[in-house]
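Structure first, then comments.
All of the numbers you see were taken from the coordinates with simple rules; none came from a lab. Computed from a predicted model, the values in this text were never measured in an experiment. Cβ: placed from backbone, ideal geometry, glycine included. Neighbour counts: every protein chain shown.
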């Protein structure tokens with residue numbers, strides 16, 4: 001069997017457990033595991049390929065794996081997501097094994113992308129299918145956003161001299177309260193191109209580790225700065241959002257406040273986070289800042 005250093009880092013007992021559930025492993029192909037400090041790989045088995053992700057149980061990301069396991073088991077079959085075949089919490093490791101989906105192409109959220117229609121359809125489907133929440137026990141979205149909010153408020157309390165659009169951020173933050181986000185929809189809460197797999201005519205959504213419960217419109221609000229970062233103007237991104245039914249229920253002040261909190265968190269990380277991610281967070285902050293400015297200016301124009 002061909003293996004990789006990453007695969008060999010998994011304890012032998014954990015690898016044996018995986019093989020017990022999926023069959024003999026003929027070949028291992030390492031896959032980047034993203035920001036989680038785990039191992040991800042495609043395993044070729046007698047019945048076809050599977051995808052495995054594993055990490056030590058004492059890792060900070062282990063709780064996200066546990067949440068992903070809980071949510072995946074509860075997802076309706078109409079949600080296009082790879083199904084988990086097995087999840088283990090033994091030998092000091094957390095292990096998740098999923099159906100493997102072969103990508104047709106890399107997903108793009110750019111303005112000319114063939115994937116946009118599928119993306120909008122997917123988000124609309126999630127809002128309809130996952131209301132009410134089929135996975136009770138996930139935290140409220142307010143818990144996810146509270147962490148971002150603490151960093152945003154830290155930045156606003158002592159704003160750096162080079163922080164752009166301070167007045168817009170302050171205005172947006174003033175009208176924002178976490179209880180605006182409450183609802184009974186299961187949210188993925190982290191939709192971006194790397195969490196989507198494109199097959200012929202279908203987008204599949206992966207990595208449910210940040211799943212939470214809240215208002216359905218929040219899913220779209222968290223997607224909009226990703227669209228702007230991919231090249232859409234704020235107006236173009238909101239025009240796309242208008243095609244998603246749940247977006248029509250979004251309260252103006254809550255959206256603007258959430259946009260500011262999302263952006264200020266990235267402003268914070270771009271200055272204080274690990275060096276390896278500062279540049280990407282600065283780019284994300286620039287996209288979010290453009291959206292906040294757009295919304296604040298539009299609200300001012302409407303009042304004048």
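Laid out as a table, the results:
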item: Relative intensity, log₁₀ I(q)/I(0), of region 173-304 from a Debye sum that treats every alpha carbon as a point, q = 0.13, 0.15, 0.19 Å⁻¹; result: -0.57, -0.77, -1.23
item: Descending semi-axes in whole angstrom, ellipsoid equivalent of region 184-236, from the Cα gyration tensor; result: 19, 17, 9
item: Three-way shape label, region 204-272, alpha-carbon gyration tensor, a/c 1.5; result: rounded
item: Average Cα contact separation per residue, region 24-141, under 8 Å, 6 or more apart, as relative contact order %; result: 21 percent
item: Net length gained if the chain between residue 105 and residue 301 were fully extended (0.36 nm per residue, minus Cα distance); result: 66.4 nm
item: Using a Förster distance of 22 Å, the FRET efficiency for residue 170-residue 146 (Cβ separation, nearest 0.05); result: 0.70
item: Residue order, fewest to most beta carbons within 10 Å, for 238, 114; result: 114, 238
item: √(5λ) per eigenvalue of the Cα gyration tensor, the chain, largest first, Å; result: 36, 21, 18
item: Label-point separation, residue 235 to residue 83 (7 Å along Cα→Cβ), nm; result: 4.7 nm
item: Structure-based [θ]222 nm, the chain - -39500 (n - 2.57) summed over DSSP H runs of at least 4, per residue, nearest 500; result: -14500 deg cm²/dmol
item: Debye intensity ratio I(q)/I(0), log10, region 5-99, q values 0.18 Å⁻¹ (C-alpha model); result: -0.80
item: Relative contact order [Cα under 8 Å, 6+ residues apart], the chain, whole percent; result: 17 percent
item: Relative exposure of 154, 256, judged by other C-beta atoms within 10 Å (fewest first); result: 154, 256
item: Cα-based Rg and Dmax for region 97-254, where Dmax is the largest Cα-Cα distance (Å); result: 16.6, 49
